[in-house]
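Participant: Shown below is the structure under consideration.
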Amino acid sequence: MANGKTALVVGASRGLGLGFTRELAARGWSVIATARDPGRATELAAIGPSVEVEAFDVNDLAGLNRLKARLAGRKLDLLLVNAGVAGPTGDELRAPSNKITELFLTNSVAPIRIADTLKYDVRDGGVIGFVTSGLGSVGQPMGPGFILYKGSKAALNSMTRTFTSELGRPGVTVLSISPGWVRTDMGGPDAPLSVEQSAKGVVDLIEAKAGTGEHGFYGMRGETIPW
Ligand SMILES: NC(=O)c1ccc[n+]([C@@H]2O[C@H](COP(=O)([O-])OP(=O)(O)OC[C@H]3O[C@@H](n4cnc5c(N)ncnc54)[C@H](OP(=O)(O)O)[C@@H]3O)[C@@H](O)[C@H]2O)c1
């Protein structure tokens, strides 16, 4: 049954974004879900009439302005920015510069640019959620590997904190969310969590924190993660 709440999930074609959209729709949310190529996002379109699909590439500034215009003043109870890429593999530091630029634009800058563009479309009492990663925590021991991906999520977390300090919306909760290690195209088949398990935990967290106006870095079980 509809709960009267509206979410915008950015990057919902597959993996976790698709799972978040399914979980929100199952709980009665109306969801505006974005996909780079809606024609290929068949599972998203099949969720049901409470899900509207919009075409959007997070790195396309003109597309972001078009998305804002299409929202036409509709108020969001949740803006969930999920889209992300793993970035170059192998000898990461010697990857083509355009691949490194694409990683940092997609994972670090685009989420903040999206939130900054849509911040007044989020209702007082609503939530802005950034899907980051525990691997972006610089306050925990840092192991080897994924040097660029980890840096891109640490940069996202840093920019999220500046964004939040400038937001001027005390009624809006800002969550930096680590979804855990999840079996998706990015997470691979050996990850311990299913998309459904992570999505349930993340949506529980969002619903519990809505209206608190706080800003924190949380895992999918609601645990606090050091920045
Ligand atoms: N899986 C994990 O274990 C894990 C752990 C920690 C954090 N995360 C984070 O969780 C988020 C989702 O990851 P996932 O595992 O679901 O990855 P995934 O299966 O690879 O899916 C990535 C999603 O991001 C979208 N995307 C990528 N670049 C985009 C762009 N330029 N514009 C619009 N959409 C774009 C993809 O759309 P297309 O279908 O068009 O490519 C797809 O919907 C990411 O931010 C990731 O860093 C994942």
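Participant: If I fit a long axis through the Cα atoms of helix 195-209 and take the longest principal axis of the Cα atoms of the chain, what angle between them do I get, 0 to 90°, rounded to 10?
Facilitator: Helix 195-209 sits at roughly 60 degrees to that axis.
Participant: Please list, or write none, the lysines whose alpha carbon is within less than 20 Å of the alpha carbon of K150, excluding same-chain residues fewer than 8 places away.
Facilitator: Result set, ordered by chain and number: K99.
Participant: Over the chain, what relative contact order in percent results from Cα pairs under 8 Å that are six or more residues apart?
Facilitator: Relative contact order, the chain: 19 percent.
Participant: Roll a 1.4 Å probe over the protein heavy atoms and report the accessible area of D91 in Å², nearest 10.
Facilitator: Here the accessible area works out near 90 Å².
Participant: Can you work out the accessible area per residue across the chain, with the rest of the protein chains kept in place, probe 1.4 Å, in square angstrom?
Facilitator: Heavy-atom accessible area per residue stands at 46 Å².
Participant: Taking the Cα centre of the chain as the origin and placing charges on Cβ (Lys, Arg +1; Asp, Glu -1), which of G136, P189, V174 is farthest toward the positive end of the dipole?
Facilitator: So the residue we want is V174.
Participant: Could I get the Rg over Rh figure for the range 78-211? Both from C-alpha atoms, Rh via Kirkwood, rounded to two places.
Facilitator: We get a ratio of 0.98 for the range 78-211.
Participant: Still on this structure, I have one more. Kindly sort E54, E214 by accessible area of their heavy atoms, largest first, with the probe set to 1.4 Å.
Facilitator: Values: E54 35, E214 60 Å².
Accessible-area ranking of E54, E214, largest first: E214, E54.
Participant: Report, in whole Å, the centroid distance computed from the Cα atoms of the range 211-227 and the range 1-52.
Facilitator: Using only Cα atoms, the two centres lie 23 Å from each other.
Participant: Considering only DSSP beta bridges where both residues belong to the chain, give the percentage that are antiparallel (nearest 5).
Facilitator: Details: 1 of 30 bridges.
Restricted to the chain, the bridges split so that about 5 percent are antiparallel.
Participant: Quick check: at a probe of 1.4 Å, how many percent of the accessible area of the chain sits on carbon and sulfur atoms?
Facilitator: That fraction is 54 percent.
The values are calculated or read from the model by the stated rules, or taken from the named source; none is laboratory data. Since the model is a prediction, treat every value here as computed from it, not as a measurement. Don't worry about glycine lacking a Cβ; one is built from the backbone with ideal geometry, like all the others, and counts go over all protein chains shown. Side chains included, ligands, DNA and RNA excluded: accessible areas come from the protein's heavy atoms. Shrake-Rupley method; radii C 1.70, N 1.55, O 1.52, S 1.80 Å.
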